[in-house]
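The values are calculated or read from the model by the stated rules, or taken from the named source; none is laboratory data. In this text the structure is predicted, and so the values were computed from the model without any measurement. Neighbour counts are summed over all protein chains in view; Cβ atoms, including those assigned to glycine, are modelled from backbone coordinates with ideal geometry.
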Amino acid sequence: MAGNWKMYKTAAETTAFFDKFRGLVERSGHCEIVICPPFTNLPAAVAAAQGTRIAVGAQNMFWAKEGAYTGEVCGPMLRSLGCSHVIVGHSERRQYFSETNETVLKKTLAGLDAGLTPIVCVGETLEHREAGQTESVLLDHCQNGTAGLTAEQFAKILIAYEPVWAIGTGKTATPEIAADAHRVIRAYARNAFGQEAANHGF
């Protein structure tokens, strides 16, 4: 279970959140727990999560290891802070910052190279869903966003189905809708990378 905080909370608010959150999940063993705060809150989150089962991830990263890329943050920087995960290709990054399947793949590879677990987001908009294009969008994001990965690399990433039409709209993606999407994604993974790789990362 991963929580993306988007552009909310200060470092102090992050610490206060963890003070309350730690006790709620200390006995939870049925899943991994990842919190993804803004870049400025990562040190506070890592410190607050120390000694717990809570992992900390970033909301984005750049694909180069270093260079003249003002305003960007690279994988080794995130890893050095104590991050274990990074969100890649979130719908808001695609919508507002023109991220493409090509850049998603570059970031995924860079995340893996830095020792991070990329959480690769795929999903359809309301327009796509109403046009009956859900499956084609999912396959486009998966095929072109993971093209070139080896089966070993694919087994190290997480695929997050993100029904864009259900984010902040009041509409809800039912378990059945999510299961349908998972079937499409898993079938792609099985065909492209083999059964063992397809068993991971959902």
Inset, instruction - Collect the residues in segment 148-157 that are within 17 Å of the chain's Cα centre (by Cα) and either within 17 Å of Arg183 (Cβ to Cβ) or not charged (D, E, K, R) (or both), keeping them in residue-number order. - result: Leu149, Gln153, Phe154, Ala155, Ile157
Inset, instruction - With respect to Val104, determine if the residue is among the aliphatic types (A, V, I, L, M) and either touching a Leu at 6+ places or on another chain (Cβ under 9 Å) or farther than 21 Å from Gly57 by Cα (or both). - result: no
Inset, instruction - Identify, from the list Arg27, Arg22, Arg93, the residue that is buried (at least 18 other Cβ atoms within 10 Å of the Cβ), farther than 15 Å from Thr117 by Cβ and out of contact with any Gly (no Cβ under 8 Å at 6 or more places or on another chain). - result: Arg93
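From the list Glu196, Glu130, pick out the single residue that is farther than 28 Å from Ile33 by Cβ and either acidic (Asp, Glu) or in contact with a Pro (Cβ under 8 Å, 6 or more places away or on another chain) (or both).
Just one listed residue meets the conditions, Glu130.
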Legend entry - Residue list for segment 107-131, restricted to those being within 16 Å of Cys142 (Cβ to Cβ) and basic (Lys, Arg): Lys107
Legend entry - Count of segment 20-79 residues which are among the polar types (S, T, N, Q), touching a strand residue (DSSP E or B) at 6+ places or on another chain (Cβ under 6 Å) and assigned to a helix (DSSP H, G or I): 0
Inset, instruction - Select from segment 153-202 the residues that are in a loop (DSSP other than H, G, I, E, B) and either buried (at least 17 other Cβ atoms within 10 Å of the Cβ) or polar (S, T, N, Q) (or both) and list them in ascending order. - result: Ala155, Lys156, Ile157, Glu162, Pro163, Thr169, Thr172, Ala173, Thr174, Asn199, Gly201
Legend entry - Number of positions in segment 1-12 that are surrounded by 14 or more Cβ atoms within 10 Å (Cβ to Cβ) and assigned to a helix (DSSP H, G or I): 1
Inset, instruction - Tell me which residues, restricted to segment 53-67, are modelled with pLDDT of 95 or more and either farther than 18 Å from Lys107 by Cα or of a type in the set (Val, Ile, Thr) (or both). - result: Ile54, Ala55, Val56
Legend entry - Subset of segment 30-57 that is under 24 Å from Gly71 (Cα atoms) and polar (S, T, N, Q) - its residue that is surrounded by the fewest Cβ atoms within 10 Å (Cβ to Cβ): Thr40
Legend entry - Boolean, Ala110 is surrounded by 14 or more Cβ atoms within 10 Å (Cβ to Cβ) and small (Gly, Ala, Ser): yes
